[in-house]
Amino acid sequence: TVTPEPTEKPSAQFKDELSGHWAQEELTYLVDNGIVNGSDGTLNLTGETTRAEFTKMILKAMDIQPVSYNGVFSDVSADDWYAGYLQAAADAGIMQGFDGKASPNAQITREEAVKIMLTAMKIEPKESDLTFADTKQISDWARPFIGTAVNMGLIQGMEDNTLRPKDH
């Protein structure tokens, strides 16, 4: 039996939510390519993203499949929905956690997201001068990742010349 192709793109279900959003084009691409699928019928564009959710999106974008969980993080159980994703991220060197924990339900910060993104892309971070008003708020470990991402155009600051590295 041949399964027919869907007649409308997945983003059509989120048409009202995506319409006019500043990242409409990018979000439509992510939805249509199965990288972002929303929850409870919404993309929750004003909500915050957890570390587990972001890691799942990165892995889907990289076409890395979840694997059996072998207990790499002390705060993750094998029956957690994200266990296989976090194990795959650890196995691929994309996520290492802190003190043996992944903190999967914590809201991801901008600087954490940048590190995971560049690590997944296997981009070597390099120190660079940053001129944001809040540059001093960037964690030391994150500074080369942020600098590289800014120089590559992967991230940018806000209209008030801040980066807000600790924001979610």
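Readers should treat all values here as calculations from the given coordinates under stated rules, not as data from a laboratory. None of the values given here were measured: they were computed from a predicted structure. We place every Cβ from the backbone using ideal geometry, glycine too, and count neighbours over all the protein chains shown.
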Legend entry - Estimated translational D of the stretch 31-98 in µm²/s (Stokes, Kirkwood radius over Cα pairs; 4 °C; 1.567 mPa s): 103
Inset, instruction - Please give, to one decimal in nm, the separation of the simple spin-label points placed at residue 99 and residue 152, each 7 Å out from Cα toward the Cβ. - result: 3.0
Legend entry - Cut-off under 5 Å, modelled amide H: who pairs with residue 50 long-range: 108
Legend entry - Viscosity 1.567 mPa s, 4 °C: Kirkwood-radius Stokes-Einstein D of the chain over Cα pairs, µm²/s: 74
Inset, instruction - Step through the residues of the stretch 29-38 one at a time and calculate ³J(HN,Hα) from phi using the Karplus curve (6.51 cos²θ - 1.76 cosθ + 1.60, θ = phi - 60°), rounding each to whole Hz and writing x for Gly and Pro. - result: 4, 5, 5, 5, 9, x, 7, 10, 10, x
Inset, instruction - Output ³J(HN,Hα) for the stretch 13-24: one whole-Hz value per residue in order, computed from phi by the Karplus curve 6.51 cos²θ - 1.76 cosθ + 1.60 with θ = phi - 60°, and x for Gly and Pro. - result: 5, 10, 3, 5, 6, 7, 4, x, 5, 4, 10, 3
Inset, instruction - For the stretch 34-92, calculate the relative contact order in percent as a whole number, restricting contacts to Cα pairs under 8 Å that are 6 or more residues apart. - result: 33
Legend entry - Hz values of 3J(HN,Hα) by residue in the stretch 139-155 - Karplus curve (6.51, -1.76, 1.60), Gly and Pro given as x: 4, 3, 5, 8, 3, x, 5, 4, x, 5, 5, 5, 4, 7, x, 6, 9
Legend entry - Straight-distance crosslink candidates among lysines, where the alpha carbon sits under 16 Å from residue 136 and sequence neighbours closer than 8 are dropped: 166
Legend entry - Backbone N under 19 Å from the residue 106 label point (7 Å along Cα→Cβ), restricted to the stretch 41-67: 48-58
Legend entry - Projected label distance in nm at residue 74 and residue 92, using a 7 Å step from Cα toward the beta-carbon: 2.7
